[in-house]
Amino acid sequence: MAYKKDISTTGVKAAGNNDSYVDNLETEVLIVGAGFGGIYLMHKLRQLGFKCKIFEAGKELGGIWHWNCYPGARVDTQIPIYEYSIPEVYKDWTWSQRYPGFAELRKYFEHVDKTLDIKKDVAFETRVVGAQYDKPSGKWVVNTEDGRTARSKYFLLATGFAAKRHFPDWMGMDKFKGEIHHSSFWPDAGVNVKGKRVAVVGTGSTGVQIAQETAKDAASVTVFQRTPNLALPMQQQGITEEEQEQRKAQYPEIYKNRMKTFAGFQYDFVQRNTFDDSPEEREAFYEERFKKGGFEFWLANYKDLLFEKDANREAYNFWAKKTRARISDARKRDILAPLDPPHAFGTKRPSLEQNYYEMLDKPENDVVDIKATPIVEVTDSGIKTEDSKLREFDVIALATGFDSVTGGMKNMGLRDIDGVDLSEKWKMGTWSYLGMTCSGYPNMFFLYGAQGPTAFSNGPSCVECQGDWIVDTMKALKEQDINYIDATKEAEEEWRRKVTELSDKTLFPGTSSWYMGANIPGKPREQLNYAGGIPLYEKECREALDNGFVGFVTA
């Protein structure tokens, strides 16, 4: 079946003088993941003289942009915010659009490799299935799916927050005679949907992108929606080389300023509350945010948007009014943009759309409310819902998301110094210190994962904030001749309390979302991200480092 596409390793590769594939590999630093985070760590650590290797499950650099090739896949952050702040990388690179698609992002990573020479130290198609710190040798022992072993002093995880795919457990998925593809296993050559009946299951950003893109060619597109996506207009635009070259002199300042904003973007919440403005002023303010596009209506809105219910409802009412005006079909309008909010606006990550509502409004396309009539099974010809209705399809796209934030690390066979698996340790909830370390896992750091700013931030901003801290910590350990660092259980407990306390001041806990782990059956319901913003997060992390490894045991 296509949705169970085999991604196992295919044996040891030989790539010139690349010794990354050897068995019993010895290296100072072993990094897992060759996306934004892994590459950044490699580059910065190399500059300090550390010997590094990367293990990457995919066949190329790029992390999520290696895997993402489904129709319409593109980033939801505009350039140059969504790229490295490394001058030697950006000086010779330009984009064609404000929000690049996956093909252009893949080319960007080719450029990154050409500039930073990353691949010579990467073992591709190498999946980690076990890892434990060995106290006598002071090294991590790491096992791969194809039977190799590696040893390293430091073990760095850059697996990203969407590393473990989530598949629904409907009956009959193996009976379907058409094509089924999970969005993250989409065939690189694409899927021919011309004149075909397409089902899109899920309405996260992936579902929105697949639906609006496939609707251009398909005979029909039917979206199966559990919760409406409160999507925002992308306002996509082309951008010339000349415009970008002229602006590059400002890039150092732009990159410095993005780290001063709550979410690491080029804009921030305005310093006034919703009801400080008159209704007319508020309407004009909202209109301006919508026209600018992107996440401005979410992250450059009034500062009480994510804290006060009445303020949030004002924003939702405006969103609903603007969106409903784009949908002529009354039934679809009430499913896609109901008058009453399905949840507080912005407590689920809004997606950016280009013509999603217009496409679904077409008579040949449909939307099914699966909260009202859940999917019960997949048959040989289509999808059956609880009301016994069978809808027939040629292609089913599963945009059912990921076991986000914690799923990747819990699925790697990571064991603490006592041999307890991380999946067991995190079974009833997540514990980390600073969203970058775990007690019982010495000399192990991770980024863009649990209890960091992760899903509340622009990826490259979060990666550089955390990456710089990890690199500076390792530099300090080396300078002070410290060989062992481990977070204390007390520091973990305090960090978890802080993450929960910050979240509880907001409207986030009131919404069942993947932010709260609520998209995976049986997963503990908890805040998985640091909700205090990047500047406060960076301050807390720096204080721990600058005051002598506060919260850590060192030796």
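Throughout, read-outs are computed from the coordinates displayed, never taken from laboratory work. Predicted model only: the values in this text are computed from it and were never measured. Using ideal geometry, Cβ is built from the backbone for each residue, glycine included, and neighbour counts are taken over all protein chains shown.
Here are the numbers for the structure shown:
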read-out: Value at 222 nm in deg cm²/dmol, rounded to 500, when DSSP H runs of n ≥ 4 in the chain each add -39,500 (n - 2.57); value: -8500 deg cm²/dmol
read-out: Principal axis box of segment 150-289, alpha-carbon based, largest edge first, Å; value: 57, 56, 36
read-out: DSSP-defined beta bridges in the chain - what % are antiparallel, rounded to 5; value: 40
read-out: Within straight-line cross-link reach of LYS427, aspartates and glutamates at Cα separation under 20 Å, skipping those fewer than 8 residues along the same chain; value: ASP403, ASP416, ASP418, GLU490, GLU492, GLU493, GLU494, GLU526
read-out: DSSP bridge orientation in segment 8-134 - percent antiparallel, rounded to nearest 5; value: 25
read-out: Peptides ranked, highest mean first, by Cβ atoms within 10 Å: ranges 183-194, 449-460; value: 449-460, 183-194
read-out: Highest-first arrangement of 75-85, 438-448, where packing means the average Cβ count within 10 Å; value: 438-448, 75-85
read-out: For segment 412-472: span of alpha carbons on each principal axis (Å, largest first); value: 34, 25, 18
read-out: Distant alpha-carbon pairs in segment 320-445 (separation over 21 angstrom), percent; value: 62
read-out: Cross-link pairs beyond the 26 Å C-alpha cut-off, checked among LYS177/LYS384; LYS107/LYS478; LYS410/LYS505; LYS119/LYS216; LYS107/LYS177; value: LYS107/LYS478; LYS410/LYS505; LYS119/LYS216; LYS107/LYS177
read-out: Set LYS59/LYS362; LYS425/LYS498; LYS194/LYS348 screened for pairs whose C-alpha atoms are more than 30 Å apart; value: LYS59/LYS362; LYS194/LYS348
read-out: Against the rule of thumb 2.2 N^0.38 Å, how large the Cα Rg of segment 254-324 comes out; value: 1.11
read-out: Mean Cβ count within 10 Å, highest first, over the residues of peptides 343-350, 490-497; value: 343-350, 490-497
read-out: Ratio of Rg to Rh over the chain (Cα coordinates, Kirkwood Rh, two decimals); value: 0.96
read-out: Calculated Rg and Dmax of segment 81-132 using C-alpha coordinates, Å; value: 14.1, 44
